[in-house]
Amino acid sequence: MKNGTKLFTLKIGGEAGQGQQVAGLIFAKACSRGGLYTYDYSEYPSLIRGGLVTYQISVSEEPVFAAYNTVNLLVCLSKAAFINSKKELSDNAAVFYDGDKFKIEPGELPKIRQINLFSLPLTTIIRQAGLLPITANQVTLGAVAAVLDFDRKLLHSMIKDIFGAKGEKVVEMNIKAIEAGFDYAKNNCRIKNYTKLNTKPEKKDKVVITANEAVALGTIAAGCKFFSSYPMTPASSILHNLANWAKESGMVVKQSEDEISAIHMALGASFAGARAMTCTSGGGFALMVEGLALSAMTETPVVIAESQRPGPATGLPTWGGQEDLRFVANTGHGDFIRIVLTPGDAKEAYFLTPWAFNLAEKYQVPVIILLDKFISEGHESVADLTDKKIIINRGKLLTREQLGKIKEYKRYELTKDGVSFRALPGMAGGVHIANSDEHDEFGFSTEGFMPEIRIRQVDKRYAKLPAILKDLPKPRFYGSKKAKTTLIGWGSVKGPVLEALKSLPEGRYNFIHFTAVNPIDAAEVGKMLKGSGKLVLIESNKTGQFGDLLKQNLNVDFERKILKYSGIPFYPEELIEELSLKKATAIKIVKSKKKVKVK
Amino acid sequence: MAKAEDFKTNVKPTWCPGCGNFGLWQSYREALAELGLQPHNTAMVFDIGCCGNAANWHKLYAFHSLHGRTIPVAFAIKIANSELTVVADSGDGGGYGEGGNHFLHTCRTNIDITYIVHNNQIYGLTTGQASPTTEIGLQTKTTPQGQLDRPFHPLQVAIAQGATFVARGFTGDPMQLKNIIKEAIKHKGFSLVDILQPCITWNKLNTFTWYKQRVYKLEEQNWDAKDKEKALAKAGEWGDKIPTGIFYQEQAPSYESQLPQLKDKTLVEQGVQAQDISKFLKEFK
Ligand SMILES: Cc1ncc(C[n+]2csc(CCOP(=O)(O)OP(=O)(O)O)c2C)c(N)n1
Ligand code: SF4
Ligand SMILES: [Mg+2]
């Protein structure tokens with residue numbers, strides 16, 4: 001960590017069902033309330049009980065954009081958790097393990113580092129304090145607070161907020177559990193020169209939030225009224241949250257029978273005049289593809305959130321990657337425009353969601369918000385999530401009055417900008433066919449015998465492109481203009497790269513992050529890259545999909561490609577090491593001999 | 001008041017002369033007019049097929065969807081604007097084959113839409129392949145040795161899946177058909193109207209005469225459409241005798257009527273404004 005700002009990483013590992021993610025989130029929010037910043041990452045298998053589930057969280061006094069790999073405090077609720085994570089322990093790290101369940105011998109610790117090993121006999125502590133076994137997580141958190149000198153009142157306030165609805169007794173019991181864990185660790189677990197997490201009252205309006213939750217909030221903010229989806233990790237929490245809020249938000253949320261139905265429902269609601277959206281992961285998106293083409297042909301606006309996980313097929317259901325970019329950018333039969341937005345964090349996800357709705361309605365095209373497990377499930381503590389105003393733009397949508405003044409309404413009227421006015425069912429004078437067949441200006445089916453109609457309609461749909469390019473979020477530049485090497489990335493690599501930049505020599509690297517990857521504004525990107533030095537591509541996939549997409553659009557070459565496709569996110573340490581030109585271990589590098597040319 | 005002819009565009013139908021679809025269309029238009037509906041407050045979702053081509057000659061708000069994908073589109077149109085009369089229209093191929101899953105599950109929702117299926121027991125538009133309702137033994141382009149699969153029983157499936165209005169019409173009886181369609185549209189819930197529609201070009205077995213010789217009307221049999229078990233058995237009757245009419249009808253709250261979100265205004269009427277999210281932010285603090 002730069003300039004002595006404390007960075008601390010806690011990892012809790014155990015079996016599925018032991019509640020480490022819940023405990024972790026309590027800790028994250030307590031930190032956030034105490035003026036600290038956090039970023040978390042959770043690993044879990046696709047099963048409900050047993051297996052190994054880990055939760056790790058990096059905490060800092062300044063905003064932190066990714067979870068670090070190096071663990072300062074490891075809590076092991078199972079032996080497997082220890083075996084899995086011991087290699088990540090830092091020097092002077094502490095390890096807690098549930099000594100009532102299993103044993104860790106000092107000889108099992110990594111030899112090269114000084115490590116403080118403590119048994120935290122949860123069952124005994126719970127029994128002695130007269131608590132219920134269900135409070136084990138709180139005992140653990142109390143012990144964590146003790147070694148970190150962390151203000152327990154912050155944990156207490158979280159307990160009150162979470163369990164308040166269940167009554168005072170439940171609150172009391174959980175607070176008692178925290179105290180029991182705290183007392184035990186204070187008396188039994190002393191570490192010299194260990195991290196102190198200094199907290200202070202937080203004045204900012206902070207939230208601890210994932211990109212999925214931010215998308216769900218953005219969906220409400222955008223005035224979306226209909227949401228249909230079929231569950232699929234890691235997209236499901238968008239659906240869960242919206243379903244949970246539906247009564248209050250006024251949105252109708254429908255779990256459909258399959259993804260084909262989900263997208264067609266969204267199209268139906270949109271055709272009728274409501275803002276509509278769906279979400280899925282790559283496998284479900286594969287089923288939606290025909291609907292994507294239908295949206296394009298009928299010019300019915302739709303927003304689709306696709307949260308990626310590693311494929312092909314079922315792949316690694318609960319892990320992450322950026323492997324669907326080529327797919328979503330190219331899939332669908334026929335030539336048509338689709339917009340792909342790629343937020344890099346929760347805040348971008350929140351603001352890009354209403355933006356996606358505006359784009360969909362202004363240009364009457366499908367818009368995909370491409371996320372992935374890392375940001376979909378990684379909680380980030382964000383100050384001022386909602387500091388920018390949400391703007392609603394429904395594009396060329398007619399009111400009854402406007403429609404009344406039109407003599408002969410044509411749904412697919414040829415216009416300069418390619419966008420025609422929409423009339424909605426129920427409006428007199430606007431009757432038309434939204435047609436999946438190629439059609440004339442009125443919407444009536446046409447055949448190849450009238451090629452001029454076909455050509456004009458295709459050209460009309462593509463005439464939207466220049467305005468779309470102007471209207472997309474611009475790639476964002478981070479770091480010094482003079483840096484010799486420019487890092488290129490999109491979506492979730494933003495966090496780890498920004499973290500890595502904090503530790504790399506100042507001025508050596510800068511970073512261009514893309515939050516819109518399709519269509520590419522070649523002129524704009526060309527301008528940004530002009531004068532830049534070598535380019536390094538950073539992506540979470542095997543083949544450098546975004547690199548290929550850029551190459552299709554402009555003359556660029558990458559000096560190096562740093563590609564990781566293990567299902568695990570880039571860790572800042574890995575990137576720091578990689579970019580310091582030391583030998584890489586965990587990540588795959590593809591070196592290109594060609595010189596960088598930017599024209 | 002709109003007349004039957006007001007539901008017609010200037011486009012000339014491209015159906016084969018003598019196709020059962022002409023009669024179906026006539027009965028349908030009359031039903032809409034007699035119900036006092038207007039083209040602009042009727043939304044209809046069309047499949048791909050001979051049936052679906054009719055999107056071009058129906059004057060109303062039409063969504064010409066993909067093959068098999070009428071129901072989910074119609075479902076959501078009704079949710080978005082529950083004041084519209086919403087009809088999904090498909091063939092036996094699109095409705096029971098390609099779109100089978102939507103059919104199965106939308107019966108369960110009791111959404112207030114009407115599902116009209118042009119059942120000609122063949123794929124018409126794609127020139128005569130077997131459909132889910134093709135008779136065993138029938139030789140088609142894809143079953144030159146005769147169809148092996150047993151036919152799909154749409155009415156039984158619909159009843160079993162919880163549809164609250166299940167009927168069969170025949171294009172050879174336009175009066176009965178019109179009345180069934182009217183009842184189906186009036187019914188507050190999911191209505192299936194399976195319509196025997198002779199395809200004179202590709203189905204040489206199930207012809208107009210073939211149907212005519214077999215059909216009989218339930219309403220002439222003192223039929224009690226409230227008895228679900230009997231309806232289920234009746235819906236399986238197919239052979240020398242083929243019943244037509246309303247097999248089953250049940251009054252139950254429609255899907256959209258149970259949504260508090262639609263209580264005051266339709267979703268579309270509510271319009272789109274930037275929504276304040278502060279109350280949802282609390283749980284993240
Ligand atoms: C996804 C897809 N698969 C196949 C087709 C080709 N196709 C168009 S209509 C049709 C079948 C038509 O039969 P039916 O639904 O019974 O309607 P009919 O023509 O008999 O009225 C088929 C297979 C298509 N348009 N889309
Ligand atoms: S092919 Fe058959 S269903 Fe199609 S229009 Fe001709 S007769 Fe009618
Ligand atoms: Mg057919």
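Any read-out appearing in this document is the output of simple, stated calculations on the displayed coordinates, not a laboratory observation. Just so we're clear, the structure is a prediction, and the values are computed from it rather than from any experiment. All Cβ positions, even for glycine, are placed from backbone atoms using ideal geometry, and neighbour counts span all protein chains on display.
Some notes on this structure:
- Look at A:Thr280, A:Thr485, A:Thr123, B:Thr109 and count the other Cβ atoms within 10 Å of each Cβ; fewest to most, that gives A:Thr123, A:Thr485, B:Thr109, A:Thr280.
- All-pairs Cα distance distribution in the protein assembly as shown, expressed in whole percent, bin size 20 Å: 14, 40, 30, 15, 1
- Paramagnetic reach from A:Asn198 (point 7 Å along Cα→Cβ, amide N under 19 Å) across the stretch A:52-78: A:59-64
- Here the simple spin-label model places points 7 Å from the Cα toward Cβ, and for A:His240 and B:Glu237 these points are separated by 5.1 nm.
- Note on the stretch A:311-464: Rg/Rh from C-alpha atoms, Kirkwood Rh, equals 1.06.
- Principal-axis analysis of the Cα atoms of chain A puts helix A:346-363 at an angle of about 10° to the longest axis.
- Close amide-amide hydrogen proximity is noted between A:Glu202 and A:Gly35, each under 5 Å apart and 5 or more residues distant or on a separate chain (H modeled in the peptide plane; Pro and chain starts excluded).
- Derived scalar couplings between HN and Hα for the stretch A:78-93 equal 8, 5, 4, 4, 5, 4, 5, 10, 4, 5, 8, 5, 8, 5, 6, 6 Hz in order, rounded to whole Hz, by the Karplus curve 6.51 cos²θ - 1.76 cosθ + 1.60 (θ = phi - 60°), x for Gly and Pro.
- For the stretch A:10-19, putting each phi into the Karplus relation 6.51 cos²θ - 1.76 cosθ + 1.60 with θ = phi - 60° gives couplings of 10, 10, 10, x, x, 8, 4, x, 8, x Hz, in residue order, rounded to whole numbers and with x for Gly and Pro.
- 16 Å cut-off, amide nitrogen to a point 7 angstrom out along B:Thr14 Cα→Cβ, residues in the stretch A:438-474: A:438-455
- For the protein assembly as shown, the Cβ-based charge dipole about the Cα centre amounts to some 2920 debye (Lys, Arg positive; Asp, Glu negative; other atoms uncharged).
- Alpha-carbon centroid distance for the pair the stretch A:198-232 / the stretch B:161-175, whole angstrom: 47 Å
- Kirkwood-type hydrodynamic radius, chain B: 19.5 Å, calculated from all non-identical alpha-carbon pairs.
- Sparse packing (at most 11 other Cβ atoms within 10 Å of the Cβ) combined with a DSSP loop state is found for the following trypsin sites (Lys or Arg not before Pro) in the stretch A:13-78: A:Arg49.
- Relative contact order (%) - criterion: Cα under 8 Å, at least six apart; region: the stretch A:474-591: 28 percent
- HN-Hα J in Hz across the stretch A:99-116 - Karplus 6.51, -1.76, 1.60, θ = phi - 60°, x for Gly and Pro: x, 6, 9, 7, 10, 10, 8, x, x, 7, 6, x, 6, 6, 10, 7, 10, 9
- Label point 7 Å beyond Cα of A:Gln552 along Cβ direction - residues of the stretch A:473-516 with amide nitrogen under 16 Å: A:516
- Sorted by Cβ neighbour density within 10 Å, fewest at the top, the residues A:Trp490, B:Trp57: B:Trp57, A:Trp490
- Test item: A:283-292 mean partner chain Cβ contacts at 10 Å: 1
- Each label point was placed 7 Å from the Cα along the Cα-to-Cβ direction; for B:Gln26 and A:Ala165 their separation is 6.1 nm.
- Estimated translational diffusion coefficient (Stokes-Einstein, Kirkwood radius over Cα pairs, 25 °C, 0.890 mPa s) of the stretch A:208-383: 159 µm² per second.
- Pairs of C-alpha atoms in the stretch B:133-227 farther apart than 22 Å represent 38 percent of all such pairs.
- For the stretch A:474-591: rounded, prolate or oblate by the Cα gyration tensor [a/c cutoff 1.5]: oblate
- For the stretch A:208-383, the residue among A:Ala349, A:Phe271, A:Ile375 whose Cα projects farthest onto the positive side of the dipole built from Cβ charges is A:Phe271.
- With all projection directions averaged, the alpha carbon convex hull of the stretch A:2-188 covers 10.7 nm².
- Potential lengthening of the chain between B:Leu281 and B:Lys141 amounts to 44.4 nm, from the contour at 0.36 nm per residue minus the alpha-carbon distance.
- Amide H within-cut-off set for A:Cys224, under 5 Å, with H built and near neighbours excluded: none
- Modelled FRET efficiency - R0 35 Å, A:Thr543 with A:Leu465, Cβ distances, 0.05 increments: 0.85
- Annotation: amide H of A:Ser480 within the under-5 Å range of A:Gly507, sequence separation 5 or more or interchain, hydrogens built in the peptide plane.
- Remark: the stretch B:171-285 projects, on average over all directions, an area of 13.1 nm² (convex hull of Cα atoms).
- FRET efficiency, 1/(1 + (r/R0)^6) with R0 22 Å, evaluated for A:Lys101 and A:His156 via beta carbons: 0.20
- Signed unit charges on C-beta, dipole axis of chain A, positive-most listed residue A:Leu109, A:Pro366, A:His240: A:Leu109
- Angle in degrees between helix A:282-298 and the longest Cα principal axis of chain A, rounded to the nearest 10: 20 degrees
- Among A:Phe82, B:Phe170, the ranking by other beta carbons within 10 Å of each residue's beta carbon, starting with the fewest, stands as A:Phe82, B:Phe170.
- Separation between Cα centres of the stretch A:153-185 and the stretch A:415-469, rounded to whole Å: 61 Å
- The distance separating the Cα centre of the stretch A:89-136 from that of the stretch B:76-148 comes to 62 Å.
- Rounded to the nearest 0.05, the FRET efficiency derived from the C-beta distance between B:Thr201 and B:Lys230 at R0 = 51 Å is 0.90.
- Here is how the number arises for the protein assembly as shown: DSSP H runs of 4 or more residues each give -39500 (n - 2.57), the sum is divided by the residue count, and the result at 222 nm is -10000 deg cm²/dmol.
- 11 Å beta-carbon shell around A:Ala222, net charge (K/R +1, D/E -1): +2
- Computed Rg/Rh of the stretch A:396-473, alpha carbon atoms with Kirkwood Rh: 1.01
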